1. What angle, in degrees between 0 and 90 and rounded to the nearest 10, separates the Cα long axis of helix 21-30 from the longest principal axis of the Cα atoms of the chain?
2. So what is the relative contact order for the range 73-339, in percent, with contacts set as C-alpha pairs under 8 Å and at least six apart?
3. Given +1 on the Cβ of Lys and Arg, -1 on the Cβ of Asp and Glu, and no further charges, what dipole in debye does the range 335-377 carry about its Cα centre, rounded to the nearest 20?
4. Would you calculate a helix-derived [θ] at 222 nm for the chain, using -39,500 (n - 2.57) for each DSSP H run of n ≥ 4 and dividing by the full residue count, to the nearest 500?
5. Note down the nm distance, to one decimal, between modelled labels 7 Å out along Cα→Cβ at Leu33 and at Glu347.
6. With axes computed from alpha carbons, what is the tilt in degrees of helix 345-365 against the longest principal axis of the chain, rounded to the nearest 10 within 0 to 90?
7. Which of Tyr135, Pro118, Ser105 sits farthest toward the positive end of the charge dipole of the range 98-257, with +1 on the Cβ of Lys and Arg and -1 on the Cβ of Asp and Glu?
8. Multiplying the sequence separation of Ile358 and Asp115 by 0.36 nm and subtracting their Cα-Cα distance, what value in nm do you get?
Amino acid sequence: MDDFRNEHVLPSIMKNTPIDYQTVKREIRETGLPEIGKGTIREIVRLVNRIEEETGEKYVRMEMGVPGLEPVKIGIEAEIDALKQGVASKYPMIEGVRELKDEMSRFAKLFLDIDIKPEGCIPTVGSMMASMAMYLVANRSDRTKEGTLFIDPGFPVHKQQVRILGHDYRSFDIYDYRGDKLRDKLASYLESGKVSTIMYSNPNNPSWICFTEKELQIIGELATRHDVIVVEDLAYFGMDFRVDFSKPGEPPYQPTVAKYNENYLILFSSSKIFSYAGQRVGVMLISDTLFNRKYPDLKRYYTSDTFGYSIIFGALYALSAGVTHSAQLGLAAMLKAANDGEYNFVEGVKEYGEKAKIMKRMFVENGFRIVYDRDEDKPLADGFFFTISYPGMTGSDLLEKLLYYGISAISLYITGSERNEGIRACVSLVSRNQFKDLEYRLNRFHEDHS
Ligand SMILES: Cc1ncc(COP(=O)(O)O)c(C=O)c1O
């Protein structure tokens, strides 16, 4: 009955859409979600899979951050060799294999210009597990503190991890607090004395803002003043393509809070820089100071009061007791090739930036606006993600309406952004031969809604 009524009040343009209107509408209704525009990434993926199957039409899929490139072969070959040599039968040490720890420490020196001993470079099952283990220890290091402060927008699963652990969190959207304005805003949270960890990603998922040196300095200094651990997620290492971070041991280096703080933990992921997401291998880099630091309150949960020891023999032991042997050796080989100057990981992923530039232009020419568009005084880099809005629509409306035009994305709402008008577009799965379709669909969308 409801449907019948709706059909009669909808303007006719809504029924003549590039993807069959009735099918999209029915599939949206069948998700059972009260508002599809606020669906999680995986919910949108499932919905679009179903519509594609039913209609036979291919979407311009921008909802999920899957690497759209081939995995780096050096890693695969090293894994095959390792397996042939019989590593599958052996439990890997939880702290990681020597080759990986050494190459990660070298990589930190050569591409971040920081010193971290191999003992603090600990493999994890993707960066996802590193953050989980980190919360389990860092957010329990001081009984008077309550949890994480997220500098948003951010990766929604991090908040899910904190929530399911029963930790508290706070967050704010950086949009209005760039540059010097960040100082007072950040201080207003840290002065409560309740923050255990500050977390952000850089380049940022979803907005692709890149923190400036000034901002990193502010974060580092305030964290020191209030004795808070800084967690820097470098899942998109080196991908601010405005600057060439690809030369080992030569400036410029990937910016990091490590220059301004001693109690930091960096999350390194192989998923994007080596297109290695399927092997689920990352590394947690714990500063030498933090690794050896003693927090008496850790004894509530762990046998030791030392941070590094609790991460390895407390959290990681309980989570998976180590990381697949061959995946560690594969990552070690890729890092070694980068360290030796034999593999240029920035060149390997530059395609993302080039596609983003073309796609952003198409959106802007069709009435869209870029939401997060500057790093202080500089225009934003082109990279893995960008954020867009369309005049007069909320992000949630926009996401839903674009589905009828064969374009999928996620709403910024689920990322902690206060820019409710925005959606996040991910370029990785869009192939260049879909650009014509994208342009046509955006044209149609603009004609129908302007
Ligand atoms: C900001 C950020 N952190 C962490 C991850 C997860 O990385 P991994 O695949 O290494 O678990 C992602 C993946 O999309 C991400 O965007």
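1. Here the helix axis deviates by roughly 50 degrees.
2. Values: 518 pairs, mean separation 83.4, N = 267.
About 31 percent, as a whole number.
3. Values: 8 positive and 10 negative charges, 57 e Å.
Charge dipole, the range 335-377, about its Cα centre: 280 debye, nearest 20.
4. So the helix-based figure for the chain works out to -11500 deg cm²/dmol.
5. 4.0 nm
6. Compared with the principal axis, the helix lies near 30 degrees.
7. Comparing the listed Cα positions along the dipole, Tyr135 ranks first.
8. On the way: separation 243, 0.36 × 243 = 87.48 nm, distance 3.85 nm.
Fully extending the segment from Ile358 to Asp115 adds 83.6 nm.
No lab work stands behind these numbers, since they all come straight from the coordinates. Please read all numbers here as calculations on a predicted model, not as lab measurements. Cβ coordinates were reconstructed from backbone atoms using ideal geometry, including for glycine residues, and neighbour counts include every protein chain displayed.
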